[in-house]
Structures are given as structure tokens and as C-alpha cells.
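In what follows, a single structure is set out as C-alpha cells and then discussed.
Each value in this text was obtained by applying a stated rule to the coordinates, not by laboratory testing. Predicted model only: the values in this text are computed from it and were never measured. In this analysis, Cβ positions are derived from the backbone assuming ideal geometry, glycine residues included, and neighbour counts consider all displayed protein chains.
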Amino acid sequence: MHKYVIMGPQGSGKGTQAGMLARGFGLVHISVGDIFRWHVQNRTKLGTRVQRYMNEGRLVPDEMVAEIVKWRLEIHDWRHGFVLDGFPRNAAQTEFFLENYDIDAVIAIELPEPIAIERIQSRRLCSSCGLDYNLIQLRPHVPSICDNCGGRLVTRADDTPEAIRTRLAEYREKTQPILDLLSEKELIVRVDGTPTPPDVVQAEIRRRLGLGKAGTDASEPKPLAEVTR
Ligand code: AMP
């Protein structure tokens, strides 16, 4: 059983790295941002409550986040463990997390802000299947069209210049300080997020966590809809 948290500023590739790690070792990738995006897309009550925060790049209030994390971890579909992506993001969430859950390590992906901004601005998302693209490294074969399903590629609603600035400031002011707290508990594994392609960062994460080459990346993660039903 492996229980990991992955953290990093927007654009650091934490979602990509979490997905690779999860697929490689049969872990469940739990992305708090993806769960919120699912609620927004499906116009649930929670979705309407969180949409404004997300579009502005602000953190969603802690009670709603704690509720979602608790709900998701109570679905015990993570027999081999999980990679929790995007939680905790501030001191209150860290306290709640450390009180309630045991984890093996926190992977902190480090990336200078100018590179993060460049990467976020080049990010595209399939409006149909949700696959991520990056116009620097992971271009679609046909511009603006998803290789996987033919869907239209769009920019994330919170990838506007103002929202990017707000999200990076939120990370710097609220999330960065909790890394020190987690460091004191010797849970942190800091990894440089600048190398490309993503496999290089993934290999370093696995090396630092003491995980062998082991897993295969072949199995696809479950669509969120299957776990939100
Ligand atoms: P992400 O996909 O991780 O970039 O998250 C997208 C957005 O979801 C963030 O900008 C926040 O508005 C919201 N969000 C995700 N995780 C959290 C969290 N732990 N605390 C507060 N808001 C969050």
C-alpha cells in the first residue's frame, strides 16, 4: 500500500506526474481539482458554489474541500493506495489532513514561476474526453483537435492571465509555507520539475520514493464519472 500526496505550483505537471505514478503502481489518482471541475461541468449544487472561486483562481473554502476529500477517500477503491493531487493547499487543510490520514510521502514538484506561467499558457484540454495537451511538448497531431476522441481542444476556464497570477500567488502565500511544516515531519520529497519530457521527472520521483521500475503505464485511469456516481 502506497499513500502519497503530490504538490506543486500550477503548471508544474503535478497532475501528469500523479497520473503516471498511479498507473505505474495500480494506485488511484485523486485530483481534487478534477472532482471540482466534474461538479462544475455537470452543474451540481457544489459545482455552482465552487465555480466562481475556481474561475478566479482562488482557493475553494476549506469546509467544501474537506468534505470532498473525506467523501472521496471513503470510497475504498484504493486497495493498493492513492496519489492525492491538489490537497492540502493551506495550513488548515494540512492540519485536517495530518489529523485524519497517514501518508507515506509528500512529493513536492518545484518549478520557477516564469516557467510555470509559460507552461500554463500553453496548456489545452479536450472539451470532450478531458485529455491534457501542452503546445510546447504534447501537441495534438491536428491543431486544436484531440488525438484520442476528435473533441475540440479548449483553454481551461481558470487559465486566464489574472487567474494564473492569483493561483500562483495563492500557492506562494498559502501552500509553500506548509511544505516547511511537512518537512519537519520528514515527509517531503522535493523534485525538480523543470526537466522535459515528463518521464525524466517521473523517473526521479520513483527513484526518490525508493520505488523500482516496476509498474506498467498501460492501464487507463477510470473516468471521474464512474466514481462520482
Ligand atoms: P487544480 O486542478 O489542482 O489546479 O485545481 C483547480 C482549482 O480547484 C484551484 O485553483 C482551486 O480553485 C480549486 N482547488 C483544488 N484543490 C483545492 C484545495 N485543496 N483547496 C482549495 N481549492 C482547491
How many Lys pairs in the chain lie less than 24 angstrom apart by Cα atoms, where the lysines are 8 or more positions apart or on different chains?
18
Give the span of the stretch 106-199's Cα atoms along each principal axis, as three whole-Å numbers ordered largest to smallest.
47, 31, 22
Estimated vicinal HN-Hα couplings, Hz - the stretch 128-135 in sequence order (Karplus 6.51, -1.76, 1.60; Gly, Pro = x)
9, 9, x, 5, 8, 10, 9, 5
Given axes a ≥ b ≥ c from the Cα gyration tensor, I'd like to know whether the chain is rounded (a/c under 1.5), prolate (a/b larger than b/c) or oblate.
rounded
So how do 113-123, 8-18 stack up, highest first, on mean other-Cβ count within 10 Å?
8-18, 113-123
3J(HN,Hα) from dihedral phi, the stretch 93-109, Karplus parametrisation 6.51/-1.76/1.60, rounded to Hz, x for glycine, proline:
5, 5, 4, 4, 5, 5, 6, 9, 10, 9, 10, 8, 6, 10, 8, 10, 8
Suppose every Lys and Arg Cβ carries +1 and every Asp and Glu Cβ carries -1, with no other charges. What dipole size does the chain come out with about its Cα centre, to the nearest 20 debye?
620 debye
Find how much the distance from Leu179 to Glu118 grows on full extension, using 0.36 nm per residue of separation minus their present alpha carbon separation; answer in nm with one decimal.
19.6 nm
Under the Karplus relation with 6.51, -1.76 and 1.60 and θ = phi - 60°, whole-Hz ³J(HN,Hα) for the stretch 43-50, x at Gly and Pro, equal 6, 7, 4, 4, x, 5, 6, 8
For Asn134, distant residues with modelled amide H under 5 Å away
Arg124, Arg139
Give, in nm to one decimal, the length gained when the segment between Glu186 and Ile145 is fully stretched (0.36 nm per residue of separation minus the Cα-Cα distance).
10.4 nm
Among the stretch 120-153, those whose backbone N falls under 16 Å of a label point 7 Å along Cα→Cβ from Thr160 are 121
In terms of the charge dipole of the stretch 76-163, which places +1 on Lys and Arg and -1 on Asp and Glu at the beta carbon, the residue among Tyr133, Thr94, Ala116 farthest towards the positive end is Tyr133
